[in-house]
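Here's the structure, in structure tokens; my notes come after.
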Amino acid sequence: MGACALCIIEETCTRTPLVTDRELADPAFIRCLRDLCFSLNVSSYHWLDFLTDLYRDYRGCIVDEAGRTVLLDMEVFEVPHIRDWFRDFCCTPCPPNITPYVRGEAKERVRILGTILKT
């Protein structure tokens, strides 16, 4: 696995792994992610801009499990009522008495959210 162009220019290698299916299936990971999102105190109206800005300003690359550079598809957030989803997933604490999980339709949103926040 060679260095990407940015690593050569910056003379440092910053690679962030893409959130895996295993992490998405782990209730502890989902709880930590939701708690982190809640602690950032970003309103549901600003989450998309917040994520977009973090991703744009990241000075590294996102890699899959094989080490290949991937680009995140931010279009997964371009759905009706996305602010409601941000409100429910990011702006409320994860109740301690439930086992958190990710619904199938939200899987890629959570993958991208978690990956960007890892950076």
query: Could we say that Glu105 is open to solvent by 40 Å² or more (accessible area, probe 1.4 Å), over 14 Å from Leu33 (Cα atoms) and modelled with pLDDT under 95 here?
result: yes
query: Looking at this structure, is Thr115 within 18 Å of Asp35 (Cβ to Cβ), among the polar types (S, T, N, Q) and modelled with pLDDT of 95 or more?
result: yes
message: Looking at the structure I just gave you, is Val79 under 17 Å from Arg31 (Cβ atoms) and out of contact with any Lys or Arg (no Cβ under 7 Å at 6 or more places or on another chain)?
response: no
field: segment 93-109, residues that are under 16 Å from the mean Cα position of the chain (by Cα) and among the hydroxyl-bearing types (Ser, Thr, Tyr)
entry: Tyr101
- line: Glu23 passes all but one of the listed conditions (1) in contact with a strand residue (DSSP E or B) (Cβ under 9 Å, 6 or more places away or on another chain); (2) part of a helix (DSSP H, G or I); the exception is number (1)
Among residues of segment 13-60, those that are closer than 13 Å to Phe86 by Cα and among the aromatic types (Phe, Trp, Tyr), counted: 4
- prompt: Of everything in segment 89-99 that's at pLDDT below 95 and not polar (S, T, N, Q), which residue is farthest from Asp35 (Cα to Cα)?
  reply: Ile98
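The values are calculated or read from the model by the stated rules, or taken from the named source; none is laboratory data. Computed from a predicted model, the values in this text were never measured in an experiment. Ideal geometry is used to build each Cβ from the backbone, glycine not excepted, and the neighbour counts take in all protein chains shown. Side chains included, ligands, DNA and RNA excluded: accessible areas come from the protein's heavy atoms. Shrake-Rupley method; radii C 1.70, N 1.55, O 1.52, S 1.80 Å.
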